[in-house]
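Engineer: I have a structure I would like to understand better, so I am pasting it below and will then ask my questions one at a time.
What follows draws every value from the coordinates through simple rules; no lab data is involved. Nothing here was measured: the structure is a model prediction, and the numbers come from that model. Reconstructed Cβ throughout: ideal geometry from the backbone, glycine too, with neighbour counts over all protein chains shown.
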């Protein structure tokens, strides 16, 4: 069985997580399981380990290299080490025009005015098809993820190669595009003219490729029920099987381990909050809850518009009720930046200076505290704990640390002065004033552990928070709430997200504890924001014991999306594809 994706050893989006997390379960059940991806040296140096290819493969690879297709055989650097072939097709690119002509003649794929973003995967996936054609392995199957890999199916069909083909769409190109332009897709699906809108929005090449792949594969699959509904109208075929996305839960920490990690990583995040806010004013960190949203910068598709509006209303509500709680909300959304703000870096430097000064004097302070405790005094004079020199120096450090004005809304200087997230903050009164109960931070870089501020890896940052918020309008599956729950962090998703619909049908605890599914389907924006605000307020009102119960329930609910169960949908798809080919 071959499985081809542009995201094998090449992290771009969620499909990388799908394929990588599923690999162990696939390899465990399929003897000859081979992944295929593109070769990019900088990525391959990290993700891929070359190995000696079997003799029959090596012979084909030598022949293909003469055609401009260089095949790298080895393993993906994951714990299960699946066999992987990465194709360098830079030498095959001069075939792009003849390939485009073939796909127009055979499938009416309109690519006359396409750019390299379309042509590069076309060349690569066609080379994938060529490689599989030459390997000529009996009773095999190939699964292609998205239109970027789908050309392999179209190539194989054009050459009449006898192989079972499975095409998977994770999100239709047209659906994502329309939603990004403000369409109410699900309300207008029946009246939609896909071809006309694809031309109007300039995605006719990718749309026509996707449709051809769906219509010409033996088995067509989507990753969720909601995407299946969309695909039936837009691509003209109802999915044969739903290949729901999962995670390898054995790779995630236990609830006991996440509890320890939560405290450690929460304290690191609190350190950041201390030097981000405390130069301007202080608040009780013990009464602070940390929320986050993470994902691609798609302001409406990812629900950032309604999140910001709901947070504005939550802020006003908490202020009216004079709540002791403060909520800090991270928007971990990669954006276009010039670099970290100088004032934030200075704050960090001053904070570290104060902290290190105290640490250097900690032994002396401990002795003074112990002496005073043992004296059994009812009250302690600070002069008996802190020396005069310590107090004077500390006062100087604090004066340098203090700033006037308000804490910034973003950690970085942005290239776009009219950034939608920042504009949304201001329009909804989220300006980080001292009296605000909801404080926001746009953190526009990837969480890779070396960002220069929090310096936590993605999963480690999530574990340190109290709630993950993912209110997407367009979300064919939605890995982020599942990852959050798997890490023992309660999450909010929606009934327009594939995962939200899946989990809602699985367990009655959903909406009450652990994972909350916000209703967006067929509901006005005003009602969505009102209900969203209520959910956020109710969670903010929970006590520590209730939040712990939410963590436990979130972890348990995530088990429904374990690859050990969901991988069977992939096996069913491949068995059906092989059966269709060899029965005909």
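Engineer: Along the Cα-to-C-beta direction of residue 134, a point sits 7 Å from the Cα; which residues of the stretch 70-86 have their amide N less than 14 Å from that point?
Structural biologist: Label zone hits: 70-73, 86.
Engineer: Let me ask you something else. How do the peptides 93-100, 298-305 rank, highest first, by the average count of neighbouring beta carbon atoms within 10 Å per residue?
Structural biologist: 298-305, 93-100
Engineer: Rank the residues 116, 183 as a footprinting-exposure proxy: fewest other Cβ atoms within 10 Å of their Cβ go first.
Structural biologist: By the 10 Å Cβ count, ascending: 116, 183.
Engineer: Shape call for the stretch 363-435 from the C-alpha gyration tensor, a ≥ b ≥ c root eigenvalues: rounded (a/c under 1.5), prolate (a/b greater than b/c) or oblate?
Structural biologist: prolate
Engineer: Could you list the residues of the stretch 372-404 with an amide nitrogen less than 12 Å from a label point located 7 Å from the Cα of residue 282 in the Cα-to-C-beta direction?
Structural biologist: Residues 398 fall inside that zone.
Engineer: Suppose the chain between residue 402 and residue 505 were pulled fully straight at 0.36 nm per residue; how much longer would it get relative to their current alpha carbon spacing?
Structural biologist: This chain segment gains 31.9 nm when fully extended.
Engineer: For residue 343 and residue 40, compute 0.36 nm times the residue count separating them, minus their Cα-Cα distance, and round to one decimal in nm.
Structural biologist: 105.4 nm
Engineer: Also, quick follow-up: Mean residue ellipticity at 222 nm from the helices of the chain, using -39,500 (n - 2.57) per DSSP H segment of n ≥ 4 over the full residue count, to the nearest 500 deg cm²/dmol?
Structural biologist: That calculation yields -15500 deg cm²/dmol at 222 nm.
Engineer: Determine the gain in length on full extension of the stretch residue 427-residue 93; use 0.36 nm per residue of separation and subtract their C-alpha separation, reporting nm with one decimal.
Structural biologist: Taking 0.36 nm per residue and subtracting the Cα distance, the gain is 115.4 nm.
Engineer: Between 0 and 90 degrees, rounded to the nearest ten: what's the tilt of helix 225-234 against the longest Cα principal axis of the chain?
Structural biologist: The angle comes out at about 50 degrees.
Engineer: In nm, to one decimal, how far is the residue 66 label point from the residue 51 one, both placed 7 Å along Cα→Cβ?
Structural biologist: A separation of 2.8 nm, rounded to one decimal place.
Engineer: Using 1/(1 + (r/R0)^6) with R0 = 45 angstrom and r between the beta carbons of residue 365 and residue 201, what's the FRET efficiency to the nearest 0.05?
Structural biologist: Computed FRET efficiency for residue 365 and residue 201: 0.10.
Engineer: I need the calculated FRET efficiency for the pair residue 32 and residue 297, taking r as the beta carbon distance and R₀ as 25 Å, to the nearest 0.05.
Structural biologist: 0.05
Engineer: Provide the percentage of antiparallel DSSP beta bridges, counting only those with both residues in the chain; round to the nearest 5.
Structural biologist: The antiparallel fraction comes to roughly 20 percent.
Engineer: So how far apart, in nm, are the two label points at residue 256 and residue 413 if each is 7 Å from Cα heading toward Cβ?
Structural biologist: Those two pseudo-labels are separated by 5.0 nm.
Engineer: Could you tell me the distance between the Cα centroids of the stretch 265-300 and the stretch 133-154, to the nearest Å?
Structural biologist: The two parts, judged by their Cα centres, are 46 Å apart.
Engineer: Based only on other Cβ atoms within 10 Å, what is the fewest-to-most ordering of 84, 337, 533?
Structural biologist: 337, 533, 84
Engineer: Points 7 angstrom from Cα along the Cβ direction at residue 249 and residue 383: gap in nanometres?
Structural biologist: Here the modelled spin labels are 6.3 nm apart.
Engineer: I've got another one for you. Please order 60, 18 by the number of other Cβ within 10 Å, starting at the fewest.
Structural biologist: 60, 18
Engineer: What FRET efficiency, computed as 1/(1 + (r/R0)^6) with R0 = 51 Å and r the Cβ-Cβ distance, is obtained for residue 192 and residue 547, rounded to the nearest 0.05?
Structural biologist: Calculated transfer efficiency: 0.75.
Engineer: Averaged over every viewing direction, what's the projected area of the C-alpha convex hull for the chain? Give it in nm², one decimal, please.
Structural biologist: Convex hull of Cα atoms, orientation-averaged projection: 30.4 nm².
Engineer: Determine the shape class of the stretch 216-288: with a ≥ b ≥ c the square roots of the Cα gyration tensor eigenvalues, call it rounded for a/c under 1.5, and otherwise prolate if a/b is greater than b/c, oblate otherwise.
Structural biologist: prolate
Engineer: How big is Rg to Rh over the stretch 355-401, alpha-carbon atoms, Rh as the Kirkwood inverse-mean-distance radius?
Structural biologist: 1.03
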